[in-house]
1. So which of 74, 2 is modelled with pLDDT of 90 or more and over 30 Å from the mean Cα position of the chain (by Cα)?
2. Give all pairs with beta carbons closer than 7 Å in which a residue from segment 61-73 that is in a loop (DSSP other than H, G, I, E, B) meets a residue that is surrounded by 10 or more Cβ atoms within 10 Å (Cβ to Cβ); count only pairs at least 6 apart in sequence or on separate chains.
Amino acid sequence: MCGTPKTNLSAQIPKTPFRSFMASMTLAQRKHFAQVANRAQENRDSRELYRQRLSSNQKPVARLSLWGKLKQLCKQTVNLMG
């Protein structure tokens, strides 16, 4: 019941060594890959900065009651007419 621990066959090291996809690329391909990845990261950063600026620049919208909306509409109408 409490014998020695059994080895886990699924945890064995694979017989073929793992090669990353970068290792199979040439130097020019790796350089191009890095340029594209850096450009994509810059685009993500600029989008995030844009979103932060938008959210910080937005003023809270005051909710008008029905009476307030009616007064505003009348005021606009009077200004347009005269």
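The values are calculated or read from the model by the stated rules, or taken from the named source; none is laboratory data. Since the model is a prediction, treat every value here as computed from it, not as a measurement. No Cβ is skipped: glycine too gets one built from the backbone with ideal geometry, and neighbour counts run over all protein chains shown.
1. 74
2. From segment 61-73, the pairs are 64/72.
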